[in-house]
Amino acid sequence: MTQSIDRRRRAVLQGAGGLGLASMLPPSLAQPALDWKRYSGQSIEVHLVKSPRAELLQKYQKEFEQLTGITVGSEQVPEQQSRQKAVIEFNSGKTSFDVIHLSYHVQKRQFARGKWLEDLRPYFASQAAADFDLKDFAAGGMFYATQSDGRIDSLPLNLDPWLLYWNKELFAAKGIAYPKSLADVLAAAKALHDPAKGVFGMVGRGLKNANVPLWSTFFLGYGGSFTDASGKLLTDGPEAIASATLYRDLLKGNGPAGIAGFNWNESQSLFLQGKAAMWIDGSGFALPLEDASKSKVVGKVGYGVIPAGPKAHVVSMFGDGVGVSAFTTKKGPAWYYVQWATGKLMQQRMLVDGHGAPVRGSAYADKQALAAQKLPASWLEAVSESLPISRPGLPVIEPVSEFRDTFGIALNNILTGSDVATEMKKATADFQPVLNKSEGRA
Amino acid sequence: MKKLLDRIGLAFVVFVLVSPAASVFLWMLSLSLKTETDNLAYPPVFIPSSATLANFRAVFEQTPFLSYLLNSIVVSGLATLIALALGVPAAYGIARLKARKLLLVILIARMTPAISFLIPLFTLFQAIGLTGTLTSVVITHMVITLPVIAYIVSGYFETLPGELEEAAFMDGCSTWQRFRHVALPLARPGITVAAILAFIFSWNNFVFGAVLAGRATRTLPVAIYNVLTFEQIAWGPLAAAALLVTAPVLLLTLVIQKEIAGGLTAGGVKGG
Amino acid sequence: MLHAKRQALYWFITPALIAITAIIAFPWAFTLWMSLFDWKIGSPSTFTGLGNYVALLTDRRFIEAIGHTLFFTLLAVIGPLLLGTLAALVFNQKFPLRGFARSLFTLPMMATPVAIALVWTMMFHPQQGVLNYLLSLVGIAPSEWVYSPGLAIPCLVMVDIWQWTPLVMLIVLGGLASMPADPFEAAYMEGASRWQTFRYITLPMIRPFIMIAAVVRLIDALKTFDTIYVITQGGPGTASETINLYLYLQAFSFYQVGKASAVVVVFFVIVVALSLMLFWMRERSKWNDS
């Protein structure tokens, strides 16, 4: 609701320039304390993961270069290759990049274990701009950025809560209201499912690896937690089975044929064509839906917070951030880039350009920014309402890839007909030793 | 009459053979010339309602295409040429010595999954200080080109009848002369085929270019991934990128395929 | 052969051997060494001797991967061999626009596998894909194609056949091109039928080239990665997970380099074994001919 945004509204000095963001507002206006040109003449390499955030950073790169006198060589690398490259280079003890863009849900613990990123806390005090304002970052973002031993080795760029995209036209045609609970979602899906007309009640990720966050949204809504205090997995308990059953009923029962192989792009393309009544996925996929050159549902898309489950109201989220390589010799300039990339100005721009959901609260405060943004206000509302109830869509453990793989396969098998309880129990039994080993237990 | 039926039969077979290949590429061409709405439409739209070159432009805008192109030409060109220089003589030696086991050793490079090369080669190059340079990429691509050339060409050499070379030997030619003036010209079609294949494999290799190369030394297939934006797979730009990446190889092959044709007129198979 | 001749020939081979050994020696040493350890990148490594190998023996997923790989490879080798040889014979004939047709035919092989795989993925889409649309035109019910566990591997084979048949064609065609004309002319003179000419003259002559293509295809098919990874990622479930996919999973999703190295070694043994089998078949057929 816009009211809550107003409540967080603060006078932002940069906001004085309104959203004439095309013009360069030298941050030095705001705080003379930090010498932005301290590392002038040096150059850094920035490794970005191909994504809208990377687009944003590259778009305004020249501004950073002019501000600091630091030359930036940046590159966008597809996600899979980026992860491989990062691991290979970090492992070798020497990286070709100084700054790296990382995905928390996959890389956080791994980077922590090897201590591959520089601890940024000393810089917060000594080399931060006056408006750095660490508290401006949302709790979820700082949760991601902070390691279990208290080190803060990156700064969050973007939080991606999952939303329920719904086709208003299809809902209205059958007189169905926006679902208020997960059970309602299933009922709505059943009512709207009309394969004869080529319309499907629900569409979503079925592909193994990709599908786990979808299930975990439901799982968390049923009050489930991944492990208990002693580290024993609870993924074969009643909450897990109930949520997996819901997952199956939604996708298999009310989804298109072949959904077991769907990733976000197959789901998105069906939704874009107006063939799906609902789609649950990350909020970052919204931009093409409002693009008339791609989408048949422009103006008909509803953005909703995923409804509550029987026990809890939680949604999945992903996040990414930027950090400084522990092996770089240019820590100062790299820190400047990180600081700039996650600064208030850039976060506002992220919102306006629709490149993601900023982590800084201040970004949501500027009215003109809100007015100028490319996505509908309802998207922003859904995102900002989802953020407080967001939890990581994947457990924050070291073998998170194995988790995604094991349970992804189980969910996938459930979609192609296997028994829910059997699969969940088997996956849990398969994964427990892996988890134990990584946590140092026998 | 029989001849006419023959011709029709042949035409039919050619058509059946060529259509799967051609139709997918025509589909890609269609994808590359249409807007996104057309590309996502179902029933599929084959002829664009309004053809557009925007996708091709997008490829050039979103990737440093020319830089990648140059890198690919250098890398694949060098890797193929060096592989020819080393591999063709080796193929000859192996063929004449009937040393099959050595072939196996060379083939080991091809039998090993590329993934297993990544970490060790990276570590090695880092130790020598070659990370991210074109040299390291060329060296890595040799793993792709050399075995292909050595293996295929040795097969062709083996099938060459020995009489001509024996005659040359009697005439007092050295091994090198026999190789250079007798065997080599005869095996030209085979060498051409091997070279084309080696070049194509190297050109299309994605893994090494994506992981081992540095920002300035990336090769072309990476460009294809670059047009896939995060929030949507853009079919138009993807098809355009794929066609653009294939074009240079296609041109090269068209030019060189005459070499194979040359052998055909010499062979003159009738009614085969 | 004279001793000097042999020696000269060895010199022909040496540079290539040195080059290859230099490049692959270290990676192989690394792999063999790492396979004896339990090492996840970022954590310390522990020596386990043959522990990884023993674990693989009882790893059901790995065994299944072997099964998938063999099934895929069998189809992906035989298909292109048959079609490619046929194509080579056809393209050996003279007919107008032959060069053009041949170039069209070789197009699939030239395109980057990653891009092709993405295009095919969309073509396979059960609701939006061209293939189901074409089926609907002929009145056949839509199929789930690669999105169904049972059909995943056959569909992937289809893509592989589409892409690599030109490879076989080129190799065999090169062989046909370098064949002498005399036996054919002689057969023609003697009034041999087309089938007889093919069976007793053409076939034995191109058999070595078919074998070459077979070995290349065998190795490539066993190693197929880009196509499968892009289209199904080894799914649905693990229906199309081949050894190479499993290897990638271990090495770059789980970062279990030790275990992955063991997989490489086992995989390599399988590849060598199958290749040697082909070599042996080739020897035998040669022996039969003479």
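Wholly within the stretch A:351-442, which helices (runs of 4 or more DSSP H) include no fewer than the required count, namely at least 1 residues that are more than 25 Å from residue A:308 (Cβ to Cβ), without any contact (Cβ under 8 Å) to a residue 24 or more places away in the chain and within 14 Å of chain C (Cβ to nearest Cβ)?
By residue number, A:400-415, A:420-439.
Could you count how many residues in the stretch C:131-171 are modelled with pLDDT under 90, touching a helix residue (DSSP H, G or I) at 6+ places or on another chain (Cβ under 8 Å) and either among the small types (Gly, Ala, Ser) or within 19 Å of residue B:159 (Cα to Cα) (or both)?
Residues meeting the conditions: 5.
May I ask you to list the residues in the stretch C:80-91 that are without any contact (Cβ under 8 Å) to a residue 24 or more places away in the chain and more than 7 Å from chain B (Cβ to nearest Cβ)?
C:82, C:86
Consider the stretch A:290-340. How many of its residues are free of Cβ contacts under 8 Å to residues at least 40 places away in the same chain and within 14 Å of chain B (Cβ to nearest Cβ)? Walk me through how you get there before you give the answer.
Here is the first cut: in the stretch A:290-340, the ones free of Cβ contacts under 8 Å to residues at least 40 places away in the same chain are A:291-296, A:298-299, A:329.
From the residues that got through so far, the ones that are within 14 Å of chain B (Cβ to nearest Cβ) too are A:291-296, A:298.
Qualifying residue count for the region: 7.
Checking the condition free of Cβ contacts under 8 Å to residues at least 40 places away in the same chain, over 16 Å from the mean Cα position of the chain (by Cα) and assigned by TED's automatic domain parsing to the domain that holds residue A:43, which residue from A:115, A:135 passes? Spell out the reasoning first.
Numbers: A:115 fails: free of Cβ contacts under 8 Å to residues at least 40 places away in the same chain.
The unique qualifying residue is A:135.
Residue B:76: of a type outside the set (Val, Ile, Thr), at pLDDT 90 or above, in a helix (DSSP H, G or I) and under 30 Å from residue B:146 (Cα atoms), yes or no?
Judged against the criteria, residue B:76 is a match.
If you go through the stretch C:92-118 one residue at a time, how many are facing chain B (nearest Cβ under 8 Å) and part of a helix (DSSP H, G or I)?
Within the stretch C:92-118, residues that are facing chain B (nearest Cβ under 8 Å) and part of a helix (DSSP H, G or I) number 17.
Taking helices (runs of 4 or more DSSP H) that do not extend beyond the stretch B:146-242, which have at least 2 residues that are small (Gly, Ala, Ser)?
B:163-170, B:188-203, B:207-211
Being in contact with a strand residue (DSSP E or B) (Cβ under 9 Å, 6 or more places away or on another chain) and surrounded by fewer than 18 Cβ atoms within 10 Å (Cβ to Cβ) narrows it down to one of B:210, B:167, B:216, so name that one.
Checking each option against the conditions leaves just B:216.
Residue A:281 - would you say it is surrounded by fewer than 24 Cβ atoms within 10 Å (Cβ to Cβ) and either among the acidic types (Asp, Glu) or closer than 20 Å to residue A:405 by Cβ (or both)?
No; evaluated as a whole, the condition is false for this residue.
What number of residues within the stretch B:61-90 are facing another protein chain (nearest Cβ under 10 Å) and under 22 Å from the mean Cα position of the chain (by Cα)?
Qualifying residue count for the region: 8.
What's the number of the condition residue B:156 fails, among (1) crowded, with 23+ Cβ neighbours inside 10 Å; (2) over 15 Å from the mean Cα position of the chain (by Cα); (3) farther than 17 Å from residue B:103 by Cβ?
So the condition that residue B:156 fails would be (3).
I'm checking my understanding of the structure. Among residues of the stretch B:91-150 that are charged (D, E, K, R) and over 25 Å from residue C:262 (Cα atoms), which one is farthest from the other protein chains (Cβ to nearest Cβ)?
Here the answer is B:98.
Is it the case, given these coordinates, that residue C:238 is outside any helix (DSSP H, G or I), in contact with a helix residue (DSSP H, G or I) (Cβ under 9 Å, 6 or more places away or on another chain) and modelled with pLDDT of 85 or more?
The answer is yes for residue C:238.
Of the conditions (1) part of a loop (DSSP other than H, G, I, E, B); (2) within 28 Å of residue C:15 (Cα to Cα); (3) more than 7 Å from chain C (Cβ to nearest Cβ), residue B:51 satisfies every one except a single condition; which number is it?
Here residue B:51 meets the rest and fails (2).
I'm told residue C:121 meets every condition in (1) of a type outside the set (A, V, I, L, M, F, W, C); (2) facing chain A (nearest Cβ under 10 Å); (3) part of a helix (DSSP H, G or I); (4) surrounded by fewer than 22 Cβ atoms within 10 Å (Cβ to Cβ) except one. Can you identify the failing condition by its number?
Residue C:121 satisfies all of (1) of a type outside the set (A, V, I, L, M, F, W, C); (2) facing chain A (nearest Cβ under 10 Å); (3) part of a helix (DSSP H, G or I); (4) surrounded by fewer than 22 Cβ atoms within 10 Å (Cβ to Cβ) except (4).
Given the structure, is residue C:212 facing another protein chain (nearest Cβ under 10 Å), surrounded by fewer than 21 Cβ atoms within 10 Å (Cβ to Cβ) and modelled with pLDDT under 90?
no
Check residue A:187 against each of (1) hydrophobic (A, V, I, L, M, F, W, C); (2) assigned by TED's automatic domain parsing to the domain that holds residue A:397; (3) touching a residue at least 40 places away in the same chain (Cβ under 8 Å) and name the one condition it does not meet.
Of (1) hydrophobic (A, V, I, L, M, F, W, C); (2) assigned by TED's automatic domain parsing to the domain that holds residue A:397; (3) touching a residue at least 40 places away in the same chain (Cβ under 8 Å), only one is false for residue A:187: (3).
When you scan the stretch C:187-198, do you find a residue that is more than 10 Å from every other protein chain (Cβ to nearest Cβ), in contact with an Asp or Glu (Cβ under 6 Å, 6 or more places away or on another chain) and either more than 16 Å from residue C:90 (Cα to Cα) or not basic (Lys, Arg) (or both), even just one?
No.
Inspect the stretch C:65-79 for any residue being touching a residue at least 12 places away in the same chain (Cβ under 8 Å), over 26 Å from residue C:264 (Cα atoms) and more than 7 Å from every other protein chain (Cβ to nearest Cβ) and give the result as yes or no.
Yes.
Given the criteria over 30 Å from residue B:146 (Cα atoms) and either buried (at least 23 other Cβ atoms within 10 Å of the Cβ) or out of contact with any helix residue (DSSP H, G or I) (no Cβ under 8 Å at 6 or more places or on another chain) (or both), does residue B:50 qualify?
yes
Mind checking which residues of the stretch A:275-296 are part of a loop (DSSP other than H, G, I, E, B) and at pLDDT 90 or above? Steps first, please.
Our first condition is that a residue be part of a loop (DSSP other than H, G, I, E, B); within the stretch A:275-296, this holds for A:275, A:286, A:291-296.
Matches in the stretch A:275-296: A:275 only.
The values are calculated or read from the model by the stated rules, or taken from the named source; none is laboratory data. Only a predicted model underlies this, so the values are computations on that prediction, with no experimental measurement involved. Positions of Cβ are backbone-derived with ideal geometry, glycine not excepted, and every protein chain shown enters the neighbour counts.
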